[in-house]
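These notes concern the structure reproduced below.
Derivation of every value follows stated rules applied to the coordinates shown; laboratory data play no part. Predicted, not measured: the structure shown is a model, and the values here were computed from it. All Cβ positions, even for glycine, are placed from backbone atoms using ideal geometry, and neighbour counts span all protein chains on display.
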Amino acid sequence: MEVAQGQPTARNMGVGKNQLHTRKIGVGKNQAQTRKMVAKDQVNIRCQCYDAQGQPCYNSVVNNTIFCAEHQNCQGSPLSGAEPRYDPGRYNNDFAVYKSHNCYSYGMNVIDIDLVKNCRKNKGKDCRKHFHQPGALNGDRYALNTVERRTCPNVVRLMKSDVPNITDTTFLGQCPANTSKIALVVDKGEDYHFYRLDSDGWWSHKDGSNKVKRYDAQKQPIFNPGNAARDYTQQGSDINYEDVCGYYCVPRATTVRLGQGGMRQHAGARKTVKSRARPESLPGLSWRDHRRSVSLRKKTRRLRRL
């Protein structure tokens with residue numbers, strides 16, 4: 001694929017052929033933990049580039065990189081100049097921030113002081129109950145509490161109702177001035193997830209109440225969310241973000257306003273597990289949160305059989 005002049009590529013981002021694929025990705029204490037990003041068996045790790053026809057490449061990676069032999073100089077997503085700097089400590093250094101903000105907040109580069117205050121007041125307990133949710137700013141606070149609505153068209157519609165000047169783009173598309181790129185993926189009927197493009201050409205994300213990170217489900221750095229590993233079932237979760245909804249340009253010149261979601265309490269929700277009340281699933285959680293939710297549902301089913 002032809003590389004546009006001045007645009008980020010695999011080679012000028014430091015992941016070219018014959019380079020050790022070790023990246024400082026800002027996880028752990030003081031954001032300085034260095035993680036070796038190469039899996040023991042690269043056969044099952046997919047190249048994160050597109051082929052000449054613009055289709056995802058399904059070849060296995062080689063040479064301790066995240067690309068196949070054919071795409072060692074893969075073109076990255078064009079930068080507009082408005083991309084946020086990758087600064088994981090802005091979210092990770094304060095428990096009241098990272099426990100109260102999810103992927104939607106992070107993708108939009110938002111820190112909500114009210115959420116932080118409430119989380120700190122509650123000493124970190126149940127902070128995720130009021131995560132920002134697509135559509136919440138315009139009265140659809142509970143829109144995604146119904147699992148059937150957790151689809152690409154619905155999440156996109158709700159996101160654009162919050163931020164009407166969001167525009168559609170592609171991985172290789174150029175965002176206008178004062179905007180930058182995010183990506184949206186969905187596990188249909190289960191959950192949505194956002195990624196954002198940072199100023200150095202890499203992508204980062206924040207899954208639920210977990211900390212900001214730059215690696216995917218296979219611990220590989222994210223060059224392209226559409227081709228990165230998004231299947232967390234191997235980690236004990238039931239989440240696999242199979243559907244790529246698209247890429248979008250979001251405003252960066254001003255702070256985006258988002259609305260708080262919430263857990264809708266059904267009749268009898270305060271009863272004990274023995275009352276057969278089903279644990280409710282919230283959108284925008286982390287895969288670990290989903291794993292806990294699955295565990296609760298399994299426990300509930302066992303009690304029902306008693």
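Distant-in-sequence amide contacts of Tyr232, defined by a placed amide H-H separation under 5 Å and a gap of 5 or more residues or a different chain, comprise Ile239, Asn240, Tyr241.
In a reduced charge model with +1 at each Lys and Arg Cβ and -1 at each Asp and Glu Cβ, segment 149-215 shows a dipole moment near 100 debye about its Cα centre. Summing Lys and Arg as +1 and Asp and Glu as -1 over all other residues whose Cβ lies under 12 Å from the Cβ of Lys188 gives a net charge of -4.
The alpha-carbon of Lys99 sits under 14 angstrom from the alpha-carbons of these aspartates and glutamates, leaving out residues fewer than 8 places away in its chain: Asp112, Asp114, Asp126, Asp207, Asp289.
For segment 201-209, putting each phi into the Karplus relation 6.51 cos²θ - 1.76 cosθ + 1.60 with θ = phi - 60° gives couplings of x, 8, 10, 9, 7, 9, 8, x, 8 Hz, in residue order, rounded to whole numbers and with x for Gly and Pro. When Val110, Val97, Val155 are sorted by how many other C-beta atoms sit within 10 angstrom of their C-beta, beginning with the fewest, the order is Val110, Val97, Val155. Backbone amide hydrogens, once placed in the peptide plane, bring Asp191 within less than 5 Å of nothing, excluding anything fewer than 5 places away on its chain. Sequentially through segment 112-124, phi angles give Karplus couplings (6.51, -1.76, 1.60; θ = phi - 60°) of 9, 4, 4, 5, 5, 4, 5, 5, 5, 4, 8, 6, x Hz, Gly and Pro residues having no value and appearing as x.
Which whole-number percent is the relative contact order of segment 89-251 (Cα, under 8 Å, 6+ apart)? Walk me through the intermediate numbers first.
Values: 301 pairs, mean separation 42.2, N = 163.
With pairs under 8 Å counted, the relative contact order is 26 percent.
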